[in-house]
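Working notes, structure below.
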Amino acid sequence: MKLTKKEIMELVHLDGLCFEPPICYTYRDMTNYIRRKGATLLRKRKGGKLIAFCLGDSSDGNIITVDVHPDYRRQGLGRQLLSKMLENFRALGVSKAVSQIALDNIPSLRLHKSLGFEIRHILYGYYPDGSDAFELVLPLTPEGKS
C-alpha cells in the first residue's frame, strides 16, 4: 500500500491521540505496518479530517489497531471499521482474525467481544512499557457459511 508521508503522519497523529507513549505508534512503526504485503487500511473522515481508522494485515488476519478520535467516540465508528475489516478478511479467505488489546482497554474489549472475538490468552509484557495484553481471536467463515 502506498501512502504519502502526510497521510502516514495523519495516522500517527491520530494514534497518538488514542494511545499514550510508548504504546502509540511512531512514524517508523506505522510505515512498517503500511508497507506489509497484506496491509489493509480503512479510514473515516469528516470535513477532510481523519477521525478514525482501522489497520489490519490480511496475510495473517491481525488487527493492528482501531483508532477513533476522542471527540468522535461512542458513535459506532470503531464498530463500523472493524466490521468492514472482518468482511474484507472473510472475502480474502482469511481463516481467523486476531487482535491484541491492553488489559485495561475496556471499550475495545467490549467492542471486540460484541463482534464475537474471544480471549485466547494473556500476552505478558506485550507492550514496550512492559504492560500486558489480551490476545483475542475470531474464527472467520465466508459470509453465509458456518
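Throughout, read-outs are computed from the coordinates displayed, never taken from laboratory work. Given the structure is predicted, the values throughout are model-derived calculations rather than measurements. FYI the Cβ positions are ideal-geometry reconstructions off the backbone, even for glycines, and counts take in every protein chain you see.
A few comments on the model shown:
- Cα-based Lys pair tally, the range 1-122, threshold under 23 Å, eight or more apart or on separate chains: 22
- Around the Cα centre of the chain, unit charges on the Cβ atoms of Lys, Arg, Asp and Glu (plus for the first two, minus for the last two) sum to a dipole of about 700 debye.
- Ranking of S83, S99, S108, S58 by count of other Cβ atoms within 10 Å, fewest first: S83, S58, S108, S99
- Within the chain, longest stretch free of exposed trypsin sites (Lys or Arg not before Pro) [DSSP loop, at most 10 other beta carbons within 10 Å]: 75-144
- Ellipsoid equivalent to the chain - semi-axes via the Cα gyration tensor, in Å: 22, 19, 16
- Chymotrypsin sites (Phe, Trp or Tyr not before Pro) within the range 93-142, DSSP loop, no more than 16 other Cβ atoms inside 10 Å: Y124
- The range 35-63-the range 102-119 distance, computed between alpha-carbon centres (Å): 19 Å
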